[in-house]
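J.: Quick one: structure below, then a few questions.
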Amino acid sequence: MARVIAVDLGAESGRIATVEFNGHRFALNEVHRFSNTSVHVRGTLHWDVLNLWHEITSGIHVAREGASGIGVATWGVDFALLDRHDTLIANPVSYRDSRTDGMMEWVFDRVPRREIFERTGIQFLILNTLYQLASVAVRTPAQLERAHTLLMLPDLLNFWLTGEKVCEFSDATTTQFYNPRLGDWDRDLLSRLSLPTHILAPIIQPGTKIGSYEGISVFAPACHDTGSAVVAVPATTPNFAYISSGTWSLIGLELDQAVISDESYAANVTNEGGAGGTFRFLKNVMGLWLAQQCRSAWRAEGTTYTYDELTAAASQADAFRSFIDPDEIRFLPPGDMPQRIRAYCHETEQPMPETIGQVMRVVYESLALKYRYVLDKMIAISRQSVDRLHIVGGGTQNKLLCQMTADAVGCPVVAGPVEGTVLGNAIVQLIALGELASIADARAVLAQTIDGVDYQPHQSAAWERAYQRFKNLLDGAG
């Protein structure tokens, strides 16, 4: 019985879990869960990384008996700067902070947008590390002058665990200054932006042993949580698409190489690194952040709803009244999401949702239709056929959204596993330990043992009419 520890950090919470493998099936046990709350200090939104470190080490201490490995996975793009004494120069800043306002234009004035995509293959998002680092150079240059090392967030935690400063491949690709053609950092791109390159750590592949912590080997899984989640897709054929569904929805295909072309540039899709030398050809969709922020807004008004109550209310509301583009920039920061949704509908001359059920119906239908919108483009660009869509992660528990997704996309959906990131993290460790031969073998085990839920598409004519309205809304806004 092999046993490993998976550290999984999300934007709302973190947890420590053990995963055991007996050669036939996986057994997961969550041993420690904690909140992850960003903190505003003098107008800047920080991650409380020292508290995260305390919670992680506390959880590892509980889980350590009999463990052969530890792996850390977090969200992408965020980073820390260390000085020459390996001390944090400042608390890491959240990708939802406003410090990147105007920084895309600053970068494009120096290096053309099309050239950046040609070099990196990464979609343009204001939160990308490239624009965060440019903001540091423009607004707090003294920090870069002191910087000796840049570490992405999971790499910082791995450094604190092992004393080794490295950057794992899947997370490195989220920066938008990793060049897949070079297989390394694009130092020329950074130099042309007058951003330092001496601070970059060596890049390692998923499955690499980094060092040890209290006698337990520390491995790099796919340290970007979506990379780990995709490892745990229980696919048995190559013609599948996936959605890693949580705060963000990451929808895409698993390919052997990056797709960098005029078509992928125009669609603003991305090529992020995966385990086993693969690339995740995908696009970020805002995801359940919308529901989370609606719930927070109503709680602030004095009423706390469970997510089950919100989906139940949505299921009773009239279908296809109004839609939003989930990725409209106004929906990115935290705040009064119901009011922003109403304002969007008003500005686009649609009926404004008033009740809780109507607001949530707009959220879920718009997400499902955006999945279709994105997937259609990705299939056309990659020319890879898709006969099944797998959803992994916390969003698999939202049965209404899963069914809406099947209806909107028009193909069967398989939901599960819920704990995709933890299982994918553990699988890469188990391969490194010799307990599994490959990701394909692990997926075969998952396909036979997880309790996945199948959703078949129905009401195709109504959803097709809704999709044409949604597509006209987005194409008109563009």
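The values are calculated or read from the model by the stated rules, or taken from the named source; none is laboratory data. It should be emphasised that the depicted structure is a prediction, and the values quoted were computed from it without experimental measurement. Note that we place each Cβ from the backbone using ideal geometry, even for glycine, and neighbour counts take in every protein chain shown. Accessible surface is based on the protein model in full, side chains and every heavy atom, while ligands, DNA and RNA are left aside. Shrake-Rupley method; radii C 1.70, N 1.55, O 1.52, S 1.80 Å.
J.: Quick check on this structure: which one of Asp184, Asp101 is under 23 Å from Gln257 (Cβ atoms), without any contact (Cβ under 8 Å) to a residue 40 or more places away in the chain and under 22 Å from the mean Cα position of the chain (by Cα)?
T.: Working: Asp101 fails: under 23 Å from Gln257 (Cβ atoms).
The match here is Asp184.
J.: Now, a different point. For segment 85-97, give me the residue count where each residue is in contact with a helix residue (DSSP H, G or I) (Cβ under 8 Å, 6 or more places away or on another chain) and open to solvent by 10 Å² or more (accessible area, probe 1.4 Å). Please lay out each step first, then the result.
T.: Within segment 85-97, the first condition is being in contact with a helix residue (DSSP H, G or I) (Cβ under 8 Å, 6 or more places away or on another chain), and the residues that meet it are 86, 88-93, 95.
With the extra rule that they be open to solvent by 10 Å² or more (accessible area, probe 1.4 Å), the set shrinks to 86, 88-91, 93, 95.
Residues meeting the conditions: 7.
J.: Would you point out which residue out of Gln403, Gln456 is closer than 22 Å to Leu310 by Cα and either over 22 Å from the mean Cα position of the chain (by Cα) or open to solvent by 40 Å² or more (accessible area, probe 1.4 Å) (or both)?
T.: Of the residues listed, the single one that is closer than 22 Å to Leu310 by Cα and either over 22 Å from the mean Cα position of the chain (by Cα) or open to solvent by 40 Å² or more (accessible area, probe 1.4 Å) (or both) is Gln403.
J.: Of all residues in segment 242-279, count the ones that are closer than 23 Å to Pro412 by Cβ and touching a His at 6+ places or on another chain (Cβ under 9 Å).
T.: Summing the residues that are closer than 23 Å to Pro412 by Cβ and touching a His at 6+ places or on another chain (Cβ under 9 Å) in segment 242-279 gives 2.
J.: Next question. Would you mind finding the one in Gly410, Gly357 that is on the phi < 0 side of the Ramachandran plot and at pLDDT 95 or above?
T.: On the way: Gly410 fails: on the phi < 0 side of the Ramachandran plot.
Answer to the selection: Gly357.
J.: Further question: Within segment 429-439, track down each residue that is in a loop (DSSP other than H, G, I, E, B) and either surrounded by fewer than 15 Cβ atoms within 10 Å (Cβ to Cβ) or within 22 Å of the chain's Cα centre (by Cα) (or both). Reasoning before the result, please.
T.: Just the residues of segment 429-439 that are in a loop (DSSP other than H, G, I, E, B), to begin with: 433-438.
Hits for segment 429-439 are Gly434, Ala437, Ser438.
J.: Please work out if Thr174 is modelled with pLDDT of 95 or more and β-branched (Val, Ile, Thr).
T.: Yes.
J.: If only one of Gly207, Gly215 is surrounded by fewer than 16 Cβ atoms within 10 Å (Cβ to Cβ) and modelled with pLDDT of 95 or more, which one is it? Write out each step before concluding.
T.: Details: Gly207 fails: surrounded by fewer than 16 Cβ atoms within 10 Å (Cβ to Cβ).
Residue meeting the stated conditions: Gly215.
J.: Conditions: (1) surrounded by fewer than 17 Cβ atoms within 10 Å (Cβ to Cβ); (2) within 30 Å of Ile450 (Cβ to Cβ); (3) touching a residue at least 60 places away in the same chain (Cβ under 8 Å). Val363 meets all but one. Number of the miss?
T.: All conditions pass for Val363, except number (1).
J.: Before we move on, is Glu118 over 26 Å from Leu50 (Cβ atoms) and out of contact with any strand residue (DSSP E or B) (no Cβ under 9 Å at 6 or more places or on another chain)?
T.: Yes, satisfied.
J.: Determine if segment 185-198 includes at least one residue that is part of a loop (DSSP other than H, G, I, E, B), open to solvent by less than 20 Å² (accessible area, probe 1.4 Å) and farther than 23 Å from Arg96 by Cα.
T.: Taking segment 185-198 first, the residues part of a loop (DSSP other than H, G, I, E, B) are 186, 193-198.
Subsequent filtering for residues that are open to solvent by less than 20 Å² (accessible area, probe 1.4 Å) retains 186, 193, 195.
Right, trim to farther than 23 Å from Arg96 by Cα and you get 186.
Checking segment 185-198: at least one residue is part of a loop (DSSP other than H, G, I, E, B), open to solvent by less than 20 Å² (accessible area, probe 1.4 Å) and farther than 23 Å from Arg96 by Cα.
J.: Is segment 54-66 home to any residue that is small (Gly, Ala, Ser) and either open to solvent by 30 Å² or more (accessible area, probe 1.4 Å) or out of contact with any strand residue (DSSP E or B) (no Cβ under 8 Å at 6 or more places or on another chain) (or both)?
T.: yes
J.: I would also like to ask the following. Run Glu145 past the list (1) touching a helix residue (DSSP H, G or I) at 6+ places or on another chain (Cβ under 7 Å); (2) surrounded by fewer than 16 Cβ atoms within 10 Å (Cβ to Cβ) and report the number of the one that doesn't hold.
T.: If we test Glu145 against (1) touching a helix residue (DSSP H, G or I) at 6+ places or on another chain (Cβ under 7 Å); (2) surrounded by fewer than 16 Cβ atoms within 10 Å (Cβ to Cβ), just (1) comes out false.
J.: From the list Ala426, Ala442, Ala408, which one is in a helix (DSSP H, G or I) and under 21 Å from the mean Cα position of the chain (by Cα)? Before you say what the answer is, go through the steps one by one.
T.: Working: Ala442 fails: under 21 Å from the mean Cα position of the chain (by Cα); Ala408 fails: under 21 Å from the mean Cα position of the chain (by Cα).
Selected residue: Ala426, the only one of Ala426, Ala442, Ala408 that is in a helix (DSSP H, G or I) and under 21 Å from the mean Cα position of the chain (by Cα).
J.: OK, next. Can you say whether Asn425 is among the polar types (S, T, N, Q) and buried (at least 17 other Cβ atoms within 10 Å of the Cβ), as far as the supplied structure shows? Even if it seems obvious, please write down each step before you answer.
T.: Values: among the polar types (S, T, N, Q): yes; buried (at least 17 other Cβ atoms within 10 Å of the Cβ): yes.
So Asn425 passes the test.
J.: Still on this model: How many residues, within segment 58-87, are within 18 Å of Gly424 (Cα to Cα) and assigned to a loop (DSSP other than H, G, I, E, B)?
T.: The qualifying residues number 4.
J.: Also, quick follow-up: If you scan segment 377-393, which residues turn out to be open to solvent by 30 Å² or more (accessible area, probe 1.4 Å), of a type in the set (A, V, I, L, M) and either part of a loop (DSSP other than H, G, I, E, B) or more than 21 Å from Ala258 (Cα to Cα) (or both)?
T.: The answer is Val386, and nothing else.
J.: Consider only pairs whose beta carbons are under 8 Å apart and that are at least six residues apart or on different chains; among these, list those whose first residue lies in segment 306-320 and is in contact (Cβ under 8 Å) with a residue 60 or more places away in the chain and whose second residue is surrounded by 15 or more Cβ atoms within 10 Å (Cβ to Cβ) and hydroxyl-bearing (Ser, Thr, Tyr).
T.: Listed by first residue and then by second, the contacts come to Thr311/Tyr364; Ala314/Tyr364.
J.: Kindly check whether there is at least one residue in segment 42-57 that is farther than 15 Å from Leu423 by Cα, assigned to a strand (DSSP E or B) and of a type in the set (Ser, Thr, Tyr).
T.: Checking segment 42-57: at least one residue is farther than 15 Å from Leu423 by Cα, assigned to a strand (DSSP E or B) and of a type in the set (Ser, Thr, Tyr).
J.: When you check Phe323 against the structure, is it within 27 Å of Tyr95 (Cβ to Cβ) and touching a Ser or Thr at 6+ places or on another chain (Cβ under 6 Å), yes or no?
T.: Considered against the rule, which asks whether it is within 27 Å of Tyr95 (Cβ to Cβ) and touching a Ser or Thr at 6+ places or on another chain (Cβ under 6 Å), Phe323 comes out as yes.
J.: While we're on this one: Which ones in segment 141-175 are of a type in the set (Asp, Glu) and under 18 Å from the mean Cα position of the chain (by Cα)?
T.: Asp155, Glu168, Asp171
J.: Filter segment 91-122 down to residues that are within 23 Å of Gly183 (Cα to Cα) and either acidic (Asp, Glu) or modelled with pLDDT under 95 (or both), then give me how many there are.
T.: Final tally of qualifying residues: 2.
J.: Given the structure, is Ala73 in contact with a Ser or Thr (Cβ under 7 Å, 6 or more places away or on another chain) and within 19 Å of Thr247 (Cα to Cα)?
T.: Against the criterion (in contact with a Ser or Thr (Cβ under 7 Å, 6 or more places away or on another chain) and within 19 Å of Thr247 (Cα to Cα)), Ala73 qualifies.
J.: Any idea which of His46, His24 is over 21 Å from the mean Cα position of the chain (by Cα) and over 21 Å from Gly395 (Cβ atoms)?
T.: None of the others qualify; the one that does is His24.
J.: Does Arg342 satisfy being under 28 Å from Asp97 (Cβ atoms), surrounded by 15 or more Cβ atoms within 10 Å (Cβ to Cβ) and basic (Lys, Arg)?
T.: Details: under 28 Å from Asp97 (Cβ atoms): yes; surrounded by 15 or more Cβ atoms within 10 Å (Cβ to Cβ): yes; basic (Lys, Arg): yes.
Yes: the conditions hold for Arg342.
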